[in-house]
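The values are calculated or read from the model by the stated rules, or taken from the named source; none is laboratory data. Just so it is clear, the structure is predicted and the values come from calculations on it, not from any experiment. Neighbour counts are summed over all protein chains in view; Cβ atoms, including those assigned to glycine, are modelled from backbone coordinates with ideal geometry. These accessible areas exclude ligands, DNA and RNA; they are computed on the full protein's heavy atoms, side chains included. Shrake-Rupley method; radii C 1.70, N 1.55, O 1.52, S 1.80 Å.
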Amino acid sequence: MRTLDTEKLEKQEWALLEIARRSTLEPADITDEEFDELKKVGLDDAEIMEAQFVMAFATAEVKFCDSLGF
C-alpha cells in the first residue's frame, strides 16, 4: 500500500480528502462548520458537491464490486 505524501497537497486537496474520509466513515456526524471550513480554503458549493458525489460514487462502486466478489 502506498502512503500519501501530504506535504505535497494543497490546502483545498487536504480539506477535500478529510471531508471524503469523514463522509465515508462518519456521515451522520458531519457538521455545517466542516463545510464552512471547505469554503474558507476557497472551495465553492459546486466544487464541494462534486467532491461529495465522486466520493459517494466511488464508495458505492467498491461496495457493489465487493458484494459480487470482484
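Applying the criterion of being among the charged types (D, E, K, R) and within 17 Å of Glu13 (Cβ to Cβ) to the residues of region 34-65, the residue that is most open to solvent (accessible area, probe 1.4 Å) is Lys40. Suppose the filter is over 24 Å from Thr3 (Cα atoms) and open to solvent by less than 80 Å² (accessible area, probe 1.4 Å); does Thr31 pass it? Answer is yes for this residue.
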